[in-house]
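Just below is one structure, and these are the notes that go with it.
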Amino acid sequence: MDSLKKYLFTILLSFGLFNSAFAILPIEKLDTYKGARGYLVQTQTLPMIDIEVSIDAGDRYDPVGKSGLADMAAGLMQYGVRGDKGSLSEAQIADEIADLGANIGLSVSGERATLRIRSLSRKDLRDRAVQLAAAMLSAPAYESNIVEREKQRTITNLREAETKPDFVLSRRFMKLIYGDYPLANSPTVKSVGAVSAADLSQFHKQFYRGDRMIISIVGDVDRTQANEIIHALLQKIPQSGPAIARLPELQRSPVEPLAQREIRIPFDSQQAHIAMGMTAVSRSNPDYFPLLVGNYILGGGGFVSRLMNEVREKRGLAYSVFSYFAPGKENGIFQAGLQTKSDQAAQALEVMSSTIGQFIADGPNSTELLAAKSNLINGYPLRIDNNRKLLDNVSSIAWNDLPLDTMEIWTKQVEAVTLEQVKAAFQKYLAMDRMKIVVLGAKNQQAK
């Protein structure tokens, strides 16, 4: 009997430990410094720290005729800095990162630029990594010879990309979706060639300041240490600067004749590439969760989605077909897409369109809704099972001004979604007569 009790106790203990591994760790709001907001999730499972600095300096701020400027302003920060204690070349920066065993990376999306740091949490190594990132963030050199070298590298990559159907499709699709909004413009050989070292310095001076930054930290540090990190990162960053012109509002896709919302692009490709979509909702929109759950059923659930069943399983028109919502802070898009044989493009487009149209009209059934919510809820621990994924979530919550308990209540919000909410949300934000369509590579088609 004693051995049975011990066995049961071990099982219960293991169950408790298993559950605790997926406990949602709280997000702490840190002290504001230089106008920047800071957030922390403390984890002690590994002696590591992950940091992200989000800067409101994305592609949407590229000047007319200089698309690619925001991307270069961030990317070239790792190719040399000028500081009070001397300058660092790109080789010295690379050597220091390697010596630390750290990662420091920069990237740019439509809305924001991000600088990410991953380091051991040991104070001496952590401090060196933060100091290096702070120098890159506050005093990039933008030396003319390096700027010209990187411009030529970017131009070479663009010319190569222009031979790839996915790149051409994406560029034309974004232009069709966004119209006159700044995100419609993609870098070109001409626009990158027009960027100068002075442009980069001016862009950095204008946008890289404390009141446009959010810092998210996940890892083996406490609140005091996290605040110290923020101070070190932003010590030489100005708090504010001149007023920045407001971006135009993104207009909802209007109802247009088919000829104005569908383009067909001849392309030397064995496959036809099809994209369909329209403007949609921001992440903070109250209908986000009904759209999330509904799209899992429509095209986001892989082999269990309606689009996959209709396009692949029933008709064999494509290996894969998808749909998703990409919500941002201020706006977002809905997109669906597939690749198929060129001579099947018309049929594949018709099946994809009719499937989406029927879903908008009728919504899901109760069995589909239950399965979707179950999959999303049961899969949620995999979205937060390491520091990098936690950082992604914390950063998204902070950037989109969501409640700090968003991770804690996420599964409850999914569970609360009803059939009526899904149907109402899809009918409110999507309509087939406002969908933009790009078909690239189909045989015997001429551009419209």
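Here's the yes/no breakdown for (1) buried (at least 22 other Cβ atoms within 10 Å of the Cβ); (2) touching a Lys or Arg at 6+ places or on another chain (Cβ under 7 Å); (3) outside the structural domain of A139 (by TED's automatic domain parsing); (4) outside any helix (DSSP H, G or I):
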{"residue": "K190", "(1), (2), (3), (4)": "no, no, no, no"}
{"residue": "D199", "(1), (2), (3), (4)": "no, yes, no, no"}
{"residue": "K205", "(1), (2), (3), (4)": "no, no, no, no"}
{"residue": "D211", "(1), (2), (3), (4)": "no, no, no, no"}
{"residue": "S216", "(1), (2), (3), (4)": "yes, no, no, yes"}
{"residue": "A226", "(1), (2), (3), (4)": "yes, no, no, no"}
{"residue": "I230", "(1), (2), (3), (4)": "yes, no, no, no"}
{"residue": "S240", "(1), (2), (3), (4)": "no, yes, yes, yes"}
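Within region 60-73, residues that are crowded, with 21+ Cβ neighbours inside 10 Å have Cβ atoms under 8 Å from residues that are assigned to a loop (DSSP other than H, G, I, E, B) and among the charged types (D, E, K, R) in these pairs: R60/E111; G68/D62; L69/D62; A70/D62, counting only partners at least 6 apart in sequence or on another chain.
As a summary of the residue check, P187 satisfies the conditions (1) out of contact with any Ser or Thr (no Cβ under 7 Å at 6 or more places or on another chain); (2) of a type outside the set (A, V, I, L, M, F, W, C); (3) under 30 Å from K389 (Cβ atoms) except for the one numbered (1). Among the listed residues R283, R246, R264, R252, which satisfies the condition of being of a type in the set (D, E, K, R) and not in a loop (DSSP other than H, G, I, E, B)? Answer to the selection: R264. For region 20-54, filtered to residues that are modelled with pLDDT under 95 and of a type in the set (G, A, S), the residue that is farthest from the chain's Cα centre (by Cα) is S20.
Determine whether I409 is outside the structural domain of Q44 (by TED's automatic domain parsing), modelled with pLDDT of 95 or more, aliphatic (A, V, I, L, M) and surrounded by fewer than 20 Cβ atoms within 10 Å (Cβ to Cβ). Outline the logic, then answer.
Working: outside the structural domain of Q44 (by TED's automatic domain parsing): yes; modelled with pLDDT of 95 or more: yes; aliphatic (A, V, I, L, M): yes; surrounded by fewer than 20 Cβ atoms within 10 Å (Cβ to Cβ): yes.
For I409, the condition - outside the structural domain of Q44 (by TED's automatic domain parsing), modelled with pLDDT of 95 or more, aliphatic (A, V, I, L, M) and surrounded by fewer than 20 Cβ atoms within 10 Å (Cβ to Cβ) - is met.
The set of residues in region 93-108 that are assigned to a helix (DSSP H, G or I) and without any contact (Cβ under 8 Å) to a residue 40 or more places away in the chain comprises A94, D95, E96, I97, A98, D99, L100. Answer yes or no: is there a residue in region 390-399 that is part of a helix (DSSP H, G or I), buried (at least 18 other Cβ atoms within 10 Å of the Cβ) and out of contact with any strand residue (DSSP E or B) (no Cβ under 6 Å at 6 or more places or on another chain). Checking region 390-399: at least one residue is part of a helix (DSSP H, G or I), buried (at least 18 other Cβ atoms within 10 Å of the Cβ) and out of contact with any strand residue (DSSP E or B) (no Cβ under 6 Å at 6 or more places or on another chain). Suppose the filter is surrounded by 12 or more Cβ atoms within 10 Å (Cβ to Cβ), of a type outside the set (S, T, Y) and outside any loop (DSSP other than H, G, I, E, B); does F303 pass it? In short, no.
Does D84 meet the test of being over 27 Å from Q44 (Cβ atoms), exposed (fewer than 14 other Cβ atoms within 10 Å of the Cβ) and assigned by TED's automatic domain parsing to the domain that holds D62? Spell out the reasoning first.
Values: over 27 Å from Q44 (Cβ atoms): yes; exposed (fewer than 14 other Cβ atoms within 10 Å of the Cβ): yes; assigned by TED's automatic domain parsing to the domain that holds D62: yes.
When the stated conditions are applied, D84 passes them.
Rundown of residues vs (1) buried (at least 20 other Cβ atoms within 10 Å of the Cβ); (2) closer than 30 Å to G58 by Cβ; (3) assigned by TED's automatic domain parsing to the domain that holds Q358; (4) under 17 Å from the mean Cα position of the chain (by Cα), yes/no style:
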position: E262; (1), (2), (3), (4): no, yes, yes, no
position: I274; (1), (2), (3), (4): yes, yes, yes, no
position: I297; (1), (2), (3), (4): yes, no, yes, no
position: R315; (1), (2), (3), (4): no, no, yes, no
position: V321; (1), (2), (3), (4): yes, yes, yes, no
position: P327; (1), (2), (3), (4): yes, yes, yes, yes
position: Q339; (1), (2), (3), (4): yes, yes, yes, no
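The values are calculated or read from the model by the stated rules, or taken from the named source; none is laboratory data. Since the structure is predicted, the reported quantities are computational estimates derived from the model, not experimental observations. Backbone-built Cβ (ideal geometry, glycine too); neighbour counts: all protein chains shown.
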